[in-house]
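Please read the structure below before turning to the comments.
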Amino acid sequence: AAFELGVPWRSLQGQLIQVGHGSRARWLSSSWTDRTPVLASNLARNKYAAADLLRKGGVPVPDHYLAVDADEAVEYAEEFGYPVVVKPADLDGGAGVKAGLDSAQAVRAAFDAARALSSLVLVERHVPGRDFRVQVVQGEVQGVLERVPGGVVGNGQDTVQALLERQNEERRTAQDDRRYLYAMDLDDEARKMLAAQGLAADSVPAAGRAVRLRSASNVASGGTPVEIALAQVHADNLRLAVRAARVLRLDVAGIDLLIPNIGRSWLETGAHICEVNAMP
């Protein structure tokens, strides 16, 4: 990106890059910068601790509990009411996240999968809304993406399996931004999602029908990011994202916002911030 913008840069060590020269030069490692507080980035990685601090700062976050075992996870799920979300409390990139869990059996399976990745597992109340990633840099929103859950779109001719195979091949060979998207398997989660929509792998969806294959919307699990113009985002929602980054004292942050309509104020529609990423 620096090369395309005509900004001087050089590699220092490994993933550490210097952008610019002289007194105004900056260091970057992915989206960590030389001004990212280590305390803030460590805190943001702990979803339980970060949510507690955000809540104290007046930022709406989903209710959740840390579960010590699968039995306790089911107890919390039944207290919240199905569906619920189960996820590791200290991992990024959507690792181990399972959403839309609608039974004790599903919660137990999700807990075991998350526990295999982390000793800290959260059971979280499901909150409705579309999933947006709001990028905050030095106290200003620089971009908004809607994260559409992984799936395919019917054409009225091909089966779900054929549509998915074609999409995976297009992503694998693309020369545009699709090359950054992840392939998806027609695995147990996808088949369960299909069944909930009254479909199977050999079904032929109608032209234009969106068929969801993933419960979570993370790009790493096969989701697609769709850019949203800042002019379409209500100012209150932009201020909420900036506040979340400020509460955690992050100079760069990816704010994951769940809201029904990003063009309307969260004060009217309700909204929740499910995560703040210190290295988006």
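The values are calculated or read from the model by the stated rules, or taken from the named source; none is laboratory data. Fair warning: this is a prediction, and the values are worked out from it, not measured in the lab. Neighbour counts run over all protein chains shown; Cβ positions are idealised from the backbone, glycine included. Surface accessibility is based on the protein's heavy atoms, side chains included, excluding ligands, DNA and RNA. Shrake-Rupley method; radii C 1.70, N 1.55, O 1.52, S 1.80 Å.
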request  = Report the FRET efficiency, 1/(1 + (r/R0)^6), for Ser11 and Gln142, where r is their Cβ-Cβ distance and R0 is 25 Å, rounded to 0.05.
outcome  = 0.55
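Is there a quick way to get the dipole size of the chain? I mean about its Cα centre, with the Cβ of Lys and Arg at +1 and of Asp and Glu at -1; what is the value in debye to the nearest 20? All intermediate terms of the calculation are to be shown ahead of the outcome.
Details: 31 positive and 35 negative charges, 196 e Å.
Result for the chain is approximately 940 debye, rounded to the nearest 20.
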key: Within a Gaussian network of the chain (alpha carbon springs, distance under 10 Å), most fluctuating of Gly151, Gly93, Gly20   = Gly20
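On a full-extension model of 0.36 nm per residue, what is the gain between Arg264 and Asp34, subtracting their alpha-carbon distance, rounded to one decimal in nm?
On the way: separation 230, 0.36 × 230 = 82.80 nm, distance 3.52 nm.
That pair, Arg264 and Asp34, stretches by 79.3 nm at full extension.
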FRET efficiency for Lys56 and Glu169, using Cβ-Cβ distance with R0 set to 41 Å, rounded to 0.05 = 0.30
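Okay, helix-only estimate at 222 nm for the chain: each DSSP H run of n ≥ 4 adds -39500 (n - 2.57), divide by all residues, round to 500 deg cm²/dmol; what do you get? The partial results should precede the final answer.
Values: 9 runs with 85 residues, N = 280.
It comes out at -8500 deg cm²/dmol, rounded to the nearest 500.
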task = State the Cα centre-to-centre distance between segment 169-194 and segment 119-135 in whole Å.
result = 22
note = Sorting Val160, Gly14, Ala210 by the position of each Cα along the dipole of the chain (Lys, Arg +1; Asp, Glu -1; all at Cβ), the one nearest the positive end of that ordering is Gly14
ask   = According to a simple spin-label model (label point 7 Å from Cα along Cα-to-Cβ), what is the distance in nm between Gln197 and Asp177?
value = 2.3
request  = Grab the Cα-Cα distance for Ala207 and Val226, subtract it from 0.36 nm times how many residues apart they are, and report the gain in nm with one decimal.
outcome  = 4.8 nm
request  = Would you mind putting 60-71, 241-252 in packing order, based on average other-beta-carbon counts within 10 Å, highest first?
outcome  = 241-252, 60-71
inquiry  = Once you keep just the Cα pairs under 8 angstrom separated by 6 or more residues, what percentage relative contact order results for segment 7-91?
reply    = 17
Å² of accessible area per residue within the chain, as computed with a 1.4 Å probe and no ligands counted = 53
Value of relative contact order over segment 1-147, rounded to a whole percent, pairs C-alpha under 8 Å and six or more apart = 17
